[in-house]
Ligand code: DAT
Ligand code: MG
C-alpha cells in the first residue's frame, strides 16, 4: 500500500442530485487512489451502527433516516496523510462554514444533508473501512 487510508460515502442527497461524477472527479484530482468502491444503500440498522457514536445527539434519528433514505457510494481512498487531507477536501460539516473549493461548499445542502462523509481519524477510518468492505473487495 502506497499511503494511508480513509473512508468516504457520497451521501443520498448528492447521489439524488446527480453529483457522483463531479465529486469523484474532485477526489481523483486531489490525488486519492480508489482502493475500494460500491454503490449500495444502508439499512436503518446499518446507519444506526455506523453512526452509533452520535446516538445521544439530538439529530441522531434524523441522521439515521437520511443516511438510509437512498443509495450511496461508499469508497476507501488512499493517499499520504489521507484522513486529514480528505477532511480538508470535503470542508466543514456545515456547508455555510465550508471553505471555497471544498466538496461541501459546492454540493452540500445543509448541515444534515451535507453530500459526503470523511473519516475523522486513522483509527475510525480502519473501523469504517471494515464496516463496509471485506478484504477481497479492497485493491
Ligand atoms: P462530520 O460528518 O463532518 O464528521 P459529525 O461527525 O460531527 O460531522 O456528524 C456526522 C453527521 O451528522 C454530519 O455529517 C451531519 C450530521 N450532523 C452533525 N451535526 C448536525 C447538526 N447540528 N444537525 C443536523 N445534523 C448534524
Ligand atoms: Mg464525523
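Here are a few things to note about the model shown:
- Subset of region 80-115 [within 17 Å of residue 33 (Cα to Cα) and near ligand 1 (Cβ under 10 Å from one of its atoms)]: 87, 90
- Restricted to helices (runs of 4 or more DSSP H) entirely inside region 17-70, those with at least 1 residues that are exposed (fewer than 13 other Cβ atoms within 10 Å of the Cβ) and within 13 Å of ligand 1 (Cβ to nearest atom) are 60-67.
- Filter pass, residue 103 being within 12 Å of ligand 2 (Cβ to nearest atom), under 13 Å from residue 26 (Cα atoms) and at pLDDT 95 or above: no
- Single condition residue 78 does not satisfy, out of (1) in a strand (DSSP E or B); (2) under 21 Å from residue 18 (Cα atoms): (2)
- Residues (away from ligand 1 (no atom under 16 Å from the Cβ) and either buried (at least 20 other Cβ atoms within 10 Å of the Cβ) or outside any helix (DSSP H, G or I) (or both)) located in region 116-139: 133, 134, 138, 139
- Looking only at region 69-100, residues that are more than 13 Å from ligand 2 (Cβ to nearest atom), under 12 Å from the mean Cα position of the chain (by Cα) and within 21 Å of residue 58 (Cβ to Cβ) come to 0 in all.
The values are calculated or read from the model by the stated rules, or taken from the named source; none is laboratory data. Just so it is clear, the model here is predicted, and its values are computed rather than measured. A quick note on method: Cβ atoms are made from the backbone with ideal geometry, for glycine too, and the neighbour counts reach across all protein chains shown.
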